[in-house]
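Student: Below is the structure I would like to discuss, written out as structure tokens.
Values in this text are rule-based calculations from the coordinates and carry no lab data. Every value quoted in this text rests on a predicted model; they were computed, and no experiment measured them. Because the Cβ atoms are built from the backbone with ideal geometry, glycine has one as well, and the counts that use them run over all protein chains shown.
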Protein chains: 2
Amino acid sequence: MTDKLIERIIETKNPSAVGLDTCLEYLPKEMLENVNSFESAAAAIFEFNKNIIDSIYDVVPAVKVQIAYYEMYSHFGLKAFYDTIVYAKKKGLIVISDIKRNDIGSTAGCYSKAYLGETKVDGHFERAFPSDMITINGYLGSDGIIPFIDDMKKYDKGAFVLCRTSNPSGGEFQNLKLENGQTIYGYMGGLIEKWGATSIGSFGYSDLGAVVGATHPLEAKKLREQMPHTFFLIPGYGFQGGSAEDLKVCFDSQGLGGIVNSSRGILCAYKIEKYLGKNYYTAARNASIDMRNDINSHINIRSAK
Amino acid sequence: MTDKLIERIIETKNPSAVGLDTCLEYLPKEMLENVNSFESAAAAIFEFNKNIIDSIYDVVPAVKVQIAYYEMYSHFGLKAFYDTIVYAKKKGLIVISDIKRNDIGSTAGCYSKAYLGETKVDGHFERAFPSDMITINGYLGSDGIIPFIDDMKKYDKGAFVLCRTSNPSGGEFQNLKLENGQTIYGYMGGLIEKWGATSIGSFGYSDLGAVVGATHPLEAKKLREQMPHTFFLIPGYGFQGGSAEDLKVCFDSQGLGGIVNSSRGILCAYKIEKYLGKNYYTAARNASIDMRNDINSHINIRSAK
């Protein structure tokens, strides 16, 4: 699946994803007129996502859908999450479900079925939330990761393990030094590179990637050197303070190696002075193109073979 | 909320929770006759849970509902998860939603609204998955934990942070030594004790607890000494190999300090030789009483004031 993602990045000349972290507060007022329950809220959120997807699907290779925003609206929100995934895939986008799941082996297996694999019902199989890639957390060690790797291989999917996150206190725990001098995030990076070693695709990157924030360029640089076969999902651009200059260290000499996410900066672009007067989806398209150009002014993506 | 949980533990003389990690494979064949879709699967699972709850609500203080099992059945499963929470609360049980959520501050805030707090819709507030307590993962540091602590205080709720998990490879990462000689799980334990310091209730335990597996008694003993104000959620009893003898180190001299979870051992008791011939909910009740008695043969729970 990382191969497919890279192919789409090369085709679109765009190593960025639009983050569909949609909540009611991001919607224009006129879309809230009939919203008075979780069910109607979820319907409005899906409508918003659909218009954003229609407006950006030819510009970006992927969307990242942050499930927390949908869980706020109970199972109705999860219905909108499902509908968003299915719609984005129909438009040819690669869907990264940002779920950060983690548990013991048997339970990790359930999560894996839900997002990467299939669930058995009455002798046949159905897909619960049919994503292409997901995010996961490695705190529980390898038996909490292996079920995802197994399904990744079986169904041609991908996963990104949390390594060095973009939030201000990410380093509080992740930057602690182990007795061998390595940081916790560096050790996790080593585990990810090892776990992914049997899933390396034709561009040299594994289907098991890592989440590496754009807000810590020195650490990202070290990780890029330490993890030559690991593709990065890079949050933190824009609203969180990461710049294109900061994140160029995540990319290799061919301009590959990572995909940068922006959520609020795209979804709420219509509220920003630069795009004022445009409707939300046109503003989102323009902001997405501006983001692509900003990143491309710092890296050179190779051409297709 | 930990105070309320402890009061219920004293009333029932039972420091254990029934884990509702329900999947289709656990249901008796006759309940599967009309199951042919996610929607009908979710309905059957809720029916099963309802009968289990009716059968155990006067014996145990709490249920732990593992959300991964419901996510496998898409948004229909999440509806069953919601219905299970609401029904268990109506029967007076304390509901622990085992979700192991984690993210950056703003997104952690969404998860917190979904499970502990409320979501704003059209000027009023509704609860998405109205739990009493949840599990969370501290890999992202304090700004990923604070939103949960804030809601914990505002709504009188509780949360358990992953510390030393019960799975075989839990130690692979958690047992690594830091340069100060502390293990990762020990360091996380220190953070949890610190984060919970402003939420200590009348029994001396904070509303911010820790997940400490029953399968590592030596480590659990150290954590009990290191974390005198932290209440433990103790998975790993039964099917995973932890015994009542193993987990008694988690309790203080008053027989308090933790709640032990068993899932498959209760839900699938009707498949075990000892309970053969009983229907699933009667077997679950008997297994739950046997578990209580087993634990109580190793600890002495104090009386009410």
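Student: Please report, for A:ASP54, the nm distances (one decimal) from its label point, 7 Å out from Cα along the beta-carbon direction, to the equivalent points in the remaining copies, shortest first.
Tutor: Nearest to farthest, the other copies are at 4.8 nm.
Student: Suppose you put the label 7 Å out from Cα in the Cβ direction; list, shortest first and in nm with one decimal, how far B:GLY204 is from each other copy's label.
Tutor: Result, one decimal in nm: 6.0.
Student: Once you put a point 7 Å from the Cα of B:ASP294 and another 7 Å from the Cα of B:SER202, both along the Cβ direction, what distance in nm separates them?
Tutor: Here the modelled spin labels are 3.3 nm apart.
Student: Along each of the three principal axes of the Cα atoms of the range A:141-185, give the extent in whole Å, ordering the values from largest to smallest.
Tutor: Cα extents, longest axis first: 36, 24, 13 Å.
Student: Of the DSSP beta bridges with both residues in chain B, give the percent that are antiparallel, rounding to the nearest 5.
Tutor: Working: 5 of 34 bridges.
Of all bridge pairs located within chain B, approximately 15 percent are antiparallel.
Student: Just list whichever of B:LYS29/B:LYS79; A:LYS79/B:LYS4; A:LYS113/B:LYS221; A:LYS4/B:LYS100; A:LYS89/A:LYS154 have alpha carbons separated by over 25 Å in the model shown. List each step's numbers first, then the result.
Tutor: Values: B:LYS29/B:LYS79 22 Å; A:LYS79/B:LYS4 34 Å; A:LYS113/B:LYS221 35 Å; A:LYS4/B:LYS100 30 Å; A:LYS89/A:LYS154 19 Å.
Violating the 25 Å Cα-Cα cut-off are A:LYS79/B:LYS4; A:LYS113/B:LYS221; A:LYS4/B:LYS100.
Student: Also, I was wondering about something else. Skipping prolines and chain starts, which residues have an amide H placed within reach, meaning under 5 Å, of the one on B:GLY258, given they are 5 or more residues away or on another chain?
Tutor: Distant-sequence amide H within range of B:GLY258: B:PHE232.
Student: Nm distances between the label at B:GLY241 and the same-position labels in the remaining copies, 7 Å along Cα→Cβ, shortest first?
Tutor: Label point to label point, same position, other copies: 4.4 nm.
Student: Calculate log10 I(q)/I(0) of the range A:152-292 for q = 0.09, 0.12, 0.18, 0.22 Å⁻¹, where I(q) comes from the Debye formula with a single equal point scatterer on each Cα and nothing for solvent.
Tutor: With one equal scatterer per Cα and no solvent, log10 I(q)/I(0) is -0.31, -0.53, -1.00, -1.25.
Student: Any chance you could list P(r) for the range B:22-141, counting all Cα-Cα pairs in 5 angstrom bins from zero, rounded to whole %?
Tutor: 2, 11, 19, 21, 19, 14, 8, 4, 1, 0
Student: Now for a separate question. For the range A:2-296, with only Lys/Arg (+1) and Asp/Glu (-1) charged at the beta-carbon, what is the dipole magnitude about the Cα centre, in debye rounded to 20?
Tutor: Working: 31 positive and 35 negative charges, 64 e Å.
Using Cβ point charges on Lys, Arg, Asp and Glu, the range A:2-296 gives about 300 debye.
Student: Sticking with this one: Given the range B:2-296, report the % of alpha carbon pairs whose separation exceeds 28 Å. The partial results should precede the final answer.
Tutor: On the way: 15227 of 43365 pairs.
When every Cα pair of the range B:2-296 is considered, 35 percent fall beyond 28 Å.
Student: Could you derive backbone 3J(HN,Hα) for the range B:97-113 from the dihedral phi with the Karplus parameters 6.51, -1.76 and 1.60 (θ = phi - 60°), listing whole Hz in sequence and x where the residue is Gly or Pro?
Tutor: 8, 8, 10, 6, 6, 6, 5, 5, x, 5, 6, 4, x, 5, 4, 5, 4
Student: Treating the beta-carbon of each Lys and Arg as +1 and of each Asp and Glu as -1, no other charges, what is the dipole magnitude of the range A:204-305 about its Cα centre, to the nearest 20 debye?
Tutor: Numbers: 12 positive and 9 negative charges, 59 e Å.
My answer is approximately 280 debye.
Student: Another question, if that's okay. Taking H placed 1.01 Å from N in the peptide plane, check which residues at least 5 places from B:VAL65 or on another chain put their amide H under 5 Å from its amide H.
Tutor: Answer set, sorted by chain and number: B:LEU20, B:ILE96, B:SER97, B:ASP98.
Student: Per the Kirkwood treatment, what hydrodynamic radius in Å, one decimal, follows for the protein assembly as shown from the mean inverse distance over all distinct Cα pairs? Please report the intermediate quantities before stating the final value.
Tutor: On the way: mean 1/r = 0.0409 Å⁻¹.
One decimal place: 24.5 Å for the Kirkwood radius.
Student: Under 17 Å between alpha carbons, and skipping anything fewer than 8 positions from A:LYS194 in its own chain: which lysines qualify?
Tutor: A:LYS153, A:LYS222
Student: What translational diffusion coefficient, in µm²/s and rounded to a whole number, does the Stokes-Einstein relation yield for the range B:228-305 at 4 °C and a viscosity of 1.567 mPa s, taking the hydrodynamic radius as the Kirkwood radius over Cα pairs?
Tutor: 97
Student: Give me the Å³ per residue figure for the convex hull around the C-alpha atoms of the range A:99-205.
Tutor: Working: hull volume 12.5 nm³, N = 107.
Expressed per residue, the convex hull around the Cα atoms of the range A:99-205 is 117 Å³.
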